[in-house]
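All remarks here apply to the structure that follows.
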Amino acid sequence: MKNLIYLDNAATSFPKPIQVQEAMLRYMNEVGANPGRAGHKLSVRASEIVQSARESIAALFNAGDPSRIVFTLNVTEALNTVINGFLNPGDHVLTTAMEHNSVMRPLKYLEESGVITLTVAPCDHRGLLKIDEFKNMVREETALVVVNHASNVCGTIQSLRDVRKAIGDTPMLVDAAQTAGCYPIDVEADGIDFLAFTGHKSLLGPQGTGGFYIRAGLSVRPLKRGGTGSVSERLEQPDFLPDALESGTQNNIGIAGLGAAVDFILKEGVEKIRRHETALTANLLKRLYDAAGLTIYGPLDADFQTATLSFTFDSIIPMDDDPGFTGCGSVNLAWMEAGMPVGEAGDRLDDEYDILVRVGLHCAPIAHQTLGTYPDGTVRLSIGYFNTSADIAFAAEAIKKILS
Ligand SMILES: Cc1ncc(COP(=O)(O)O)c(C=O)c1O
């Protein structure tokens, strides 16, 4: 394969640790059986592999009891399970203006069906929640607060502890698609009631894996009912976790890979992963910050964002309400106003430099509305644990050459 520079880790991480494919091949070639569906040796071995993955994920998030980790196919399924299974008619839900469509679409559907009422709290142009306004939006009938932990568009990280402080004891569902595995998450210290994660992004596992944590004392109606391998004599769904929420044969080969990925992360240490990604992000920001004709969105500070940067090849005028806006390196250059469409910029990075990024709206139109980049979107460059400072230097040079 050509020497490609993969900078699309917010879509899915690549490459994966070698241990992931080894674990998947081992499951395929040496185990193969269906966990929890038989008493024979191979089924027992399969159950042990799935249980070990559950334990590793519980350890990563300080979730305590591993049975409170439920596997799903991805974070979208996890979010849908909690949103549809926890809410009741008449409930109010509070969410943010930085959410992905995997949160917005199920919530909008429930709102339009007359099941819930919905408030979308504003964020500033860096994507940060306006926490005082947010606090005042919590109502008596607010049954759930749904928060994007880090934006998949521009990396902005919300402080979960500030959110928890603002909402009192209202249940909180966190979409950790962009932070699980690359940013410390502690469901106890962060006050998280439901933590939804996907396996294939910063958790470094395979596609088709994900899940959620559910705090003791809270319950969720299943999205699906069916065979679980347990209490088979009964026609009713089991009421204990994780079986209550895990019907049908899972992506067990994927779960074997996810378990190996999380073991890799635990061995490396989330802090080390975060340090590496923060250093690369700071490096890229430093190289691009003053580039004439480039507008960068988000916090523009590696300590307050994930390793995801969004930009447009143009210059924009600072917003009236914030003269301190620093999102653009070329804000005073009137001649730079005619920009290059994001699609063209992404194609040039791919065709001329073998740099792989994602352009457009990134399935998060309201986040782009917040940032002022709707409807065209941005060029998103998302760094992963296996990127190097040489990748960053090369990408920054390529962007500057395109600008010139
Ligand atoms: C913040 C966020 N939420 C949800 C998703 C959906 O992820 P998946 O396709 O793995 O369900 C993504 C993926 O882009 C994301 O970044």
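Note on segment 126-203: the C-alpha convex hull projects to 5.1 nm² when averaged across all orientations.
Provide the gained length on full extension for the span Ala390 to Asp65, in nm with one decimal, where the gain is 0.36 nm per separating residue minus the Cα-Cα distance.
Values: separation 325, 0.36 × 325 = 117.00 nm, distance 4.18 nm.
Contour length minus the Cα-Cα distance gives 112.8 nm.
What spacing in nm lies between the two simple spin-label points modelled at Gln19 and Arg275, each 7 Å away from Cα in the Cβ direction? If labels sit at Gln19 and Arg275, their model points lie 1.8 nm apart. Can you spot the lysines whose alpha carbon is less than 21 Å from Lys267's alpha carbon? Ignore those fewer than 8 places along the same chain. Leaving aside lysines fewer than 8 places away in the same chain, those within reach of Lys267 are Lys16, Lys201. Each residue, Ser404 and Leu218, gets one label point 7 Å from its Cα in the Cβ direction; the gap between the two is 5.2 nm. Which FRET efficiency, nearest 0.05, do Ala38 and Gln207 yield, Cβ-Cβ r, R0 30 Å? Plugging the Cβ-Cβ distance into 1/(1 + (r/R0)^6) gives 0.65. Just to confirm my numbers, what's the Cα centroid distance between segment 241-260 and segment 1-21 in Å? Spelled out, the Cα-based centre of one part sits 23 Å from the other.
Find, among the trypsin sites (Lys or Arg not before Pro) in segment 66-151, those assigned to loop by DSSP (not H, G, I, E, B) with at most 12 other beta-carbon atoms within 10 angstrom. Walk me through the numbers before you get to the answer.
Working: sites: Arg68, Lys108, Arg126, Lys130, Lys135, Arg139; in loops: Arg126, Lys130, Arg139.
Hits after loop and neighbour filter: Arg139.
The charge dipole of segment 1-70, taken about the Cα centre with unit charges on the Cβ atoms of Lys, Arg (+1) and Asp, Glu (-1), comes to about 160 debye, rounded to the nearest 20. Between Asp169 and Leu266, the modelled labels are 3.2 nm apart [label points 7 Å from Cα along Cα→Cβ]. One chain, two ends: Glu188 and Glu236. Fully extended at 0.36 nm per residue, the span grows by 14.0 nm beyond their Cα-Cα distance.
At q = 0.11 Å⁻¹, what log₁₀ I(q)/I(0) does the chain have when each alpha carbon counts as one equal point scatterer in the Debye sum? Computed log10 I(q)/I(0) values: -0.81.
Using a/c under 1.5 as the rounded threshold, could you call segment 182-237 rounded, prolate or oblate? The axes a ≥ b ≥ c are square roots of the C-alpha gyration tensor eigenvalues, and prolate needs a/b larger than b/c, oblate otherwise.
oblate
For the chain, the residue among Gln250, Asn387, Asn3 whose Cα projects farthest onto the positive side of the dipole built from Cβ charges is Gln250. Within straight-line reach of Lys286, meaning a Cα separation under 19 Å, sit the following lysines at least 8 residues removed in sequence or on another chain: Lys400, Lys401.
Charge dipole (Cα centre; +1 on Lys/Arg Cβ, -1 on Asp/Glu Cβ; no other charges) of the chain amounts to roughly 960 debye. Could you point to the residue in Leu241, Gly39, Ile49 farthest towards the positive end of the chain's charge dipole, with +1 and -1 charges on the Cβ of Lys/Arg and Asp/Glu respectively? Sorting the options by dipole projection puts first Gly39. Between Thr96 and Ala121, Asn148, the built amide H atoms are under 5 Å apart, and every one of these is 5 or more places off in sequence or on another chain. Toward the positive end of the charge dipole of segment 18-268, with +1 on the Cβ of Lys and Arg and -1 on the Cβ of Asp and Glu, the farthest Cα among His200, Ile131, Val187 is that of His200. Charges were assigned to the Cβ only: +1 to each Lys and Arg, -1 to each Asp and Glu. The resulting dipole of segment 55-119 about its Cα centre is roughly 60 debye.
Can you sort Cys154, Cys182 from fewest to most other Cβ atoms within 10 Å of each residue's own Cβ?
Numbers: Cys154 31, Cys182 26.
Lowest count first: Cys182, Cys154.
We did not get these values from a lab; they are worked out from the coordinates using the rules stated. Just so you know, these numbers come straight off a predicted model, no measurement behind them. Note: ideal-geometry Cβ built from the backbone for every residue, glycine included; neighbour counts use all protein chains shown.
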